[in-house]
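Written out below as structure tokens is the structure these notes cover.
The values are calculated or read from the model by the stated rules, or taken from the named source; none is laboratory data. As the structure is a computational prediction, the values presented were derived from the model and not from experiment. In this analysis, Cβ positions are derived from the backbone assuming ideal geometry, glycine residues included, and neighbour counts consider all displayed protein chains. Note: accessible area is taken over every heavy atom of the protein model, side chains too, but ligands, DNA and RNA are not part of it. Shrake-Rupley method; radii C 1.70, N 1.55, O 1.52, S 1.80 Å.
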Amino acid sequence: MLTDLQRKKLTHYFNVLDVDSNGTIEQKDFVNIGENLCVLWSFKEGTEEFDACVNRCTKTWISFREFMGKPQDGHAALEEWLEFADHIIVNGREELYEKHVNKIAQEIFDFFDTDKDGFISLDEYIDLFMAYKIDIKFSARSFTKLDRNQDDFISRAELLQGIREFFRSDDENAPGNWLFGFWEDIGKTEN
Ligand SMILES: [Ca+2]
Ligand SMILES: [Ca+2]
Ligand SMILES: [Ca+2]
């Protein structure tokens, strides 16, 4: 069973991925994220880099969809996501968790470590907020929480620890809760 805090965070994550706020996660949300990144990085429509960026996001959707066991034209509603996350990610077996979560960490680095120095800087982390349309006002605080050794960079280990806390921790003070900004702010699909 998910605790209240875990439910809130997972709902927040769902809302972050549901970029068009239509109440389900589907391919076009990920295409949307790809297009946001193209705007951010000044990739023009019709160019190779534009297509490559959108394709990468589409691939992220495909692996998410396959992980959830959805058909090709499938989509995921909030309750389905919460049930899936409860059984597989939060309270599931360690190897399934690792499989999914390592992928998320790898993708965050692939997408947002734009200077390829192996660390996420504050600017790069802000790009993540922009791409997912997360309220930017929480980005600096979130970054500070995730940067545990306070060297102004998020390392891979710090990111993995943050992701683990975001998905699994039931401690309301866990720094990783802040991975995708403020999780209590879940008004998007609730009303
Ligand atoms: Ca959607
Ligand atoms: Ca970097
Ligand atoms: Ca650090």
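For first residues located in region 98-124 and within 16 Å of ligand 1 (Cβ to nearest atom), partners that are open to solvent by 30 Å² or more (accessible area, probe 1.4 Å) and in a helix (DSSP H, G or I) and lie 6+ apart or on another chain with Cβ distances below 8 Å do not occur. The helices (runs of 4 or more DSSP H) found wholly in region 110-191 and carrying at least 2 residues that are open to solvent by 20 Å² or more (accessible area, probe 1.4 Å) and more than 23 Å from Leu37 (Cβ to Cβ) occupy 139-146, 156-168. Among residues that are at pLDDT below 90 and open to solvent by 20 Å² or more (accessible area, probe 1.4 Å), Asn102 is included. You will find that of Lys8, Lys103, the residue that is basic (Lys, Arg), outside any loop (DSSP other than H, G, I, E, B) and in contact with a Phe, Trp or Tyr (Cβ under 6 Å, 6 or more places away or on another chain) is Lys8 and no other. Select from region 36-49 the residues that are open to solvent by less than 80 Å² (accessible area, probe 1.4 Å), away from ligand 2 (no atom under 16 Å from the Cβ) and in a helix (DSSP H, G or I) and list them in ascending order. Of everything in region 36-49, those that are open to solvent by less than 80 Å² (accessible area, probe 1.4 Å), away from ligand 2 (no atom under 16 Å from the Cβ) and in a helix (DSSP H, G or I) turn out to be Asn36, Cys38. Taken over region 59-76, the criterion of being of a type outside the set (S, T, N, Q) and touching a Phe, Trp or Tyr at 6+ places or on another chain (Cβ under 9 Å) is satisfied by Lys59, Trp61, Ile62, Phe64, Phe67, Met68, Gly69, Lys70, Ala76. Of all residues in region 2-22, those satisfying the criterion of being open to solvent by less than 20 Å² (accessible area, probe 1.4 Å), farther than 19 Å from Asn36 by Cα and among the polar types (S, T, N, Q) are Gln6, Thr11.
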